[in-house]
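The values are calculated or read from the model by the stated rules, or taken from the named source; none is laboratory data. Quick caveat: nothing in here was measured; it's all calculated off a predicted structure. Please note: Cβ atoms are built from the backbone with ideal geometry, for glycine as well, and neighbour counts cover all protein chains shown.
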Amino acid sequence: MGINSKPVVFAALSAVVILVGTVVTVFVPLFMPSTQPVSSFVKPYTAIELEGRDIYIREGCNNCHTQTVRPLRTEVLRYGEYSKGEEFAYDRPFLWGSRRTGPDLNRVGGKYPDSWHYKHMQSPQSMFELSNMPPYGWLASNKLDTSVSFRKTSIQRFGYTEDQVKQQIADYKTRVTAQDYDSKETRDLVTPANLRGDLTEMDAIIAYMQKLGRDVKSMGAGQ
């Protein structure tokens, strides 16, 4: 009697073959260097950028905005260089998304000055009359909590020391609260007077958006 006449044995052997095939074709490649591209141009998020990313996720921004430019002519013309695997090396979780209620943001970093983002977060309709994005001006009224920033960067394995994280926070605070900050006037308009000397959640989410796609530009310049 052949194996075909033994349905239980045949089913068991089939399951084993399928399981082995799945492990070999799906899970093994996950740990191969060729499937985990890296680039010296792609840098981990700073503590402030990571805080901003967490706020971005918390507010559900990824439900309306994708962060992946497909290699299609129309997308490249509209959003810029198509997305590369290595630029997501520090994204946990990925925020590629599938819906574009709003535009893709994977190349928004450096496209507009900080002042534009402060105005847009305060009132999207003041920038685009037909925008259906809700206002997020209240983020400027929330002082940024950085008490666990070092722990977050450690869990993400960004390699920063606690002193480096503290310095990143201090440096960004100095930048946005400085008298010569190029977006000071706009920031002061949306930020309550008692918080203008501190970091706010709006500062952090803008720092995160200004990071998006910035490393790719460096990659292009370095080629």
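Below is a table of values for the structure above.
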quantity: Candidate set: segment 65-113, residues that are surrounded by 13 or more Cβ atoms within 10 Å (Cβ to Cβ) and among the aliphatic types (A, V, I, L, M); chosen: the one nearest to ILE206 (Cα to Cα); calculated: VAL108
quantity: Residue within segment 211-219 that is part of a loop (DSSP other than H, G, I, E, B), within 24 Å of ARG58 (Cα to Cα) and either not assigned by TED's automatic domain parsing to the domain that holds ASN106 or not basic (Lys, Arg) (or both) present; calculated: yes
quantity: Those residues of segment 196-223 which are surrounded by fewer than 17 Cβ atoms within 10 Å (Cβ to Cβ) and at pLDDT 95 or above, in sequence order; calculated: ARG196, GLY197, ASP198
quantity: Odd one out for GLN164 among (1) at pLDDT 95 or above; (2) under 16 Å from GLY52 (Cα atoms); (3) within 21 Å of the chain's Cα centre (by Cα); (4) not basic (Lys, Arg); calculated: (2)
quantity: Residue match in segment 213-223 (condition: within 29 Å of THR66 (Cβ to Cβ), in contact with a Leu (Cβ under 7 Å, 6 or more places away or on another chain) and of a type in the set (Asp, Glu)); calculated: no
quantity: Among (1) out of contact with any strand residue (DSSP E or B) (no Cβ under 8 Å at 6 or more places or on another chain); (2) of a type in the set (A, V, I, L, M, F, W, C); (3) surrounded by 16 or more Cβ atoms within 10 Å (Cβ to Cβ), the one test that ALA140 misses; calculated: (1)
quantity: Segment 114-137 - residue that is among the aliphatic types (A, V, I, L, M) and without any contact (Cβ under 8 Å) to a residue 24 or more places away in the chain and, of those, surrounded by the most Cβ atoms within 10 Å (Cβ to Cβ); calculated: MET127
quantity: Verdict on VAL38 being of a type in the set (A, V, I, L, M), farther than 19 Å from GLN156 by Cβ, surrounded by fewer than 13 Cβ atoms within 10 Å (Cβ to Cβ) and modelled with pLDDT under 90; calculated: no
quantity: Residues of segment 173-187 classified as outside any loop (DSSP other than H, G, I, E, B) and surrounded by 14 or more Cβ atoms within 10 Å (Cβ to Cβ), total; calculated: 7
quantity: Members of segment 143-172 found to be surrounded by fewer than 14 Cβ atoms within 10 Å (Cβ to Cβ) and of a type in the set (Gly, Ala, Ser), listed by number; calculated: SER147, GLY159, ALA170
quantity: Pairs where the first residue, in segment 146-169, is under 19 Å from MET202 (Cα atoms) and the second is outside any helix (DSSP H, G or I) and not small (Gly, Ala, Ser), C-beta under 8 Å, 6+ apart; calculated: THR146/LEU199; GLN168/THR46; GLN168/TYR160; ILE169/THR146; ILE169/LEU199
